[in-house]
Amino acid sequence: MFNDLSSLASYLASRRSGRPREMIAPGPSDTQIEKIVEMAMRTPDHGKLAPWRVVSVGKDQRDRLVEGMTAAYLKETPGAGRLELEALDKISNEAPTLLIVLSTPDQSSKIPLWEQELSCGAFCMNLIHAVHATGFVGSWITGWPAFNDDVRDLFGKTPQKIAGFIFIGTASAELKERPRPELSQILSKWDG
Ligand SMILES: Cc1cc2nc3c(=O)[nH]c(=O)nc-3n(C[C@H](O)[C@H](O)[C@H](O)COP(=O)(O)O)c2cc1C
């Protein structure tokens, strides 16, 4: 099935994300982005609904993104201070490439919403794998903007949710490891 099982296993055993603020150019080209998304589309999806969409926000569109996010933030938090708004500006401008993943479930389908949302989470993870397989680093971020309806509406129509902001670029520093859970906390034998 795979040409090189050992390198796939070693990738999965050591996989880690980059930090958006440490991502520099180059990011993937438009053609590479298309291939990355095509790889991610090979995600388990009960009912073949493809309940995920991707919106690519170009580097030249980041100012417009900051404007939209700032307006949404000020509507929600009218007394927002300069530092809060600067933080929005900063995060919106990180990394050369930004993909917004939207969860777009079919509400009329008999496939439970939960399954469609799980598929979207799996899609995000697959996207990160595809980014890494293409030689870049990625990071899946949500934060306040992912839960604000006005920010969501910048990317399309309801019903949908922002599943994540996927920042992509070239690592400018070695990727840092972080503590991982103990296997015994995660895996157990059924005592039934
Ligand atoms: C749905 C989701 C949202 C996340 N949002 C954030 C976030 O807003 N800020 C953040 O620092 N990490 C966030 N993370 C965590 C990072 O994506 C990443 O998992 C973490 O930095 C560790 O990376 P690694 O285990 O992939 O190496 C989020 C993860 C998920 C699954």
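The values are calculated or read from the model by the stated rules, or taken from the named source; none is laboratory data. Note that this is a predicted model, so its numbers are computed, not measured. Glycine gets a Cβ as well: all are built from the backbone with ideal geometry, and neighbour counts include every protein chain shown.
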Could you identify the single residue in E94, E84, E22 that is of a type in the set (D, E), surrounded by 13 or more Cβ atoms within 10 Å (Cβ to Cβ) and at pLDDT below 95? E84
Quick one: K75 ticks every box in (1) surrounded by fewer than 18 Cβ atoms within 10 Å (Cβ to Cβ); (2) within 27 Å of R178 (Cα to Cα); (3) of a type outside the set (A, V, I, L, M) except a single one, so which number is it? (2)
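Has segment 12-19 got any residue that is more than 16 Å from the ligand (Cβ to nearest atom) and not in a loop (DSSP other than H, G, I, E, B)?
There is no residue in segment 12-19 that is more than 16 Å from the ligand (Cβ to nearest atom) and not in a loop (DSSP other than H, G, I, E, B).
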Looking at (1) within 9 Å of the ligand (Cβ to nearest atom); (2) not in a helix (DSSP H, G or I), find the lone condition where C124 falls short. (2)
If you take the residues of segment 137-190 that are in a loop (DSSP other than H, G, I, E, B) and basic (K, R), which of them is farthest from the ligand (Cβ to nearest atom)? K189
Report, ordered by the first and then the second residue, all pairs with beta carbons closer than 6 Å, sequence separation of six or more or different chains, a first member in segment 130-155 that is among the polar types (S, T, N, Q), and a second member that is more than 9 Å from the ligand (Cβ to nearest atom) and in a helix (DSSP H, G or I). T134/Q32; T134/I36; N148/A72
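Report whether or not I91 is assigned to a helix (DSSP H, G or I), within 14 Å of the ligand (Cβ to nearest atom) and in contact with a helix residue (DSSP H, G or I) (Cβ under 9 Å, 6 or more places away or on another chain). Working first, answer last.
Numbers: assigned to a helix (DSSP H, G or I): yes; within 14 Å of the ligand (Cβ to nearest atom): yes; in contact with a helix residue (DSSP H, G or I) (Cβ under 9 Å, 6 or more places away or on another chain): yes.
So I91 passes the test.
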Lone qualifier among A72, A80 - being in a helix (DSSP H, G or I) and more than 16 Å from the ligand (Cβ to nearest atom): A72
Can you tell me which residue among L49, L85, L102 is more than 15 Å from M23 (Cβ to Cβ) and part of a helix (DSSP H, G or I)? L85
Of everything in segment 29-63, what is closer than 28 Å to K110 by Cβ and surrounded by fewer than 16 Cβ atoms within 10 Å (Cβ to Cβ)? Give them in sequence order. E38, M41, R42, P44, H46, G47, K48, L49, A50, V55
